[in-house]
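Every number in this text was worked out from the coordinates using simple rules, so none of it is lab data. Because the structure is a prediction, the values reported are computed rather than measured. All Cβ positions, even for glycine, are placed from backbone atoms using ideal geometry, and neighbour counts span all protein chains on display.
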Amino acid sequence: MQNPQYAILRFAKYKGPEIGHIEAHNERTKEKYASNPDVDTSRSHLNYHLVQPERKYRAEAERQIAEAKCRTRKDSVRVAEALITANPEFFKGKKKVEVRDFFEEAVRFIEKHQSKETIISAVVHMDEKTPHMHLSFVPLTPDKRLSAKDIVGNKKKLTWWQDNFWKHMVRKWPDLERGESASETGRTHIPPRLFKEAAHLNRQRDMILKLLGEVNPLNAKKKSAEIETLLEQYIPGVERMQTQMRKFDSAYKSLRAENAGLKKQVDSSKESIKRRLEVSQQLQELEDLRRTVENIPQEILQAYQVAPKTMNFER
């Protein structure tokens, strides 16, 4: 029996400096992607644009906002991103031209419901495990208001997008099934990049601890330089993760409360068991991330405090 094939559409919203981070990822402007081991840079030449950016994401967003004469706040969402893909089974055995056809059709769908002029970039990544497209746009409404909330910002609207995306794509690919949105499953979607960043931070932490344990009077200068380089990446990286994880605090609390309630239930129906497993998995994911960023080892904090003072570890 063939595994189900799902059309997947997810949205994310970005406000300030994070716009530059998603641009660097989407446009592959970094030299290395240590924080994302799924990126195979030897295949990055296979990536392609369906909408080529004319300028930097933030600059293009500010240009469109200024032309529309929108009122903005410091925390206004300036860029929205649609992640479009399907599960791996859908792409299995498909030729490059067939994969491209899927993403071109997805762009046509977005353009039916969001002004083509607001799209900053649509880039297809073929250098990760599953082909996917990042389509970034300025969330301007037809009456020229900057409002990500109106476009993608509530449960009803997200369900509408999911329904209509499936209806559009299934005409061409009848085997596609409708994907479940986060709003319907009750799941707060945690971007895969957060788990990759967390894994990278863990590797950096382990390397710093290893180097600290190897320092002696003979190698202090060399080891100090290595440690300082890692600290300059690790500490700010943890701080960024802590900021991002705060967004999931309310989801974490509600999941814990739901999990406690589910444990008390005697209902053993298929639906109840499925939900218990879902909640348990979501909690585990959030707890794994929280553990990564909540506690920086004391010896690393001490080393970081010494770092600006030339990292003199000689004893």
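Distance cut-off 19 Å, Cα to Cα: go down the list K156/K263; K74/K156; K149/K247; K69/K112; K13/K56 and report the pairs above it.
K156/K263; K74/K156; K69/K112
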*Considering the dipole of the range 192-309 built from charges on the beta carbon (Lys and Arg +1, Asp and Glu -1) around the Cα centre, which of A251, L289, V238 is farthest to its positive end?*
A251
*Cross-link partners of K129 among aspartates and glutamates (Cα-Cα below 14 Å; sequence separation of 8 or more within a chain)*: D38, D40, E89
*What's the angle, to the nearest 10 degrees (0 to 90), between helix 270-294's Cα axis and the longest principal axis of the chain?*
40 degrees
*Considering Cα pairs under 8 angstrom that are at least six residues apart, work out the relative contact order of the chain and quote it in whole percent.*
20 percent
*Which entry in (i) 1.01; (ii) 0.96; (iii) 0.98 is this structure's computed Rg/Rh (Cα atoms, Kirkwood Rh)?*
(i)
*Only bridges with both residues in the chain count here: give the DSSP antiparallel percent, nearest 5.*
90 percent
_Which of rounded, prolate or oblate describes the range 5-185 when judged by the alpha-carbon gyration tensor and an a/c cut-off of 1.5?_
oblate
_Candidate aspartates and glutamates - alpha carbon under 17 Å from K210, same-chain residues fewer than 8 apart omitted_ = E226, E228, E232, E299, E314
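Given Cα pairs under 8 Å that are at least 6 residues apart, what percent is the relative contact order of the range 89-169? Can you show the working numbers first?
On the way: 60 pairs, mean separation 18.0, N = 81.
Across the range 89-169, relative contact order equals 22 percent.
Normalised by the number of residues in the range 5-185, what is the relative contact order in percent for Cα pairs under 8 Å and 6+ residues apart?
Values: 276 pairs, mean separation 58.8, N = 181.
It rounds to 32 percent for the range 5-185.
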_Less than 18 Å apart at the alpha-carbon level, and either on another chain or at least 8 residues along: which aspartates and glutamates does that give for K94?_
E104, E105, D127, E128, D175, E177
*asked:* For a quick check, take a GNM of the chain with Cα springs below 10 Å and name the residue from V279, V123, V138 with the largest mean-square fluctuation.
replied: V279
*With the Cα gyration tensor of the range 192-309 giving a ≥ b ≥ c as the square roots of its eigenvalues, does the rule (a/c under 1.5 for rounded; else a/b larger than b/c for prolate; else oblate) give rounded, prolate or oblate?*
prolate
_Please list log₁₀ I(q)/I(0) at q = 0.17, 0.21, 0.25 Å⁻¹ for the range 74-164, using the Debye equation with identical point scatterers on the alpha-carbon positions._
-0.78, -1.08, -1.34
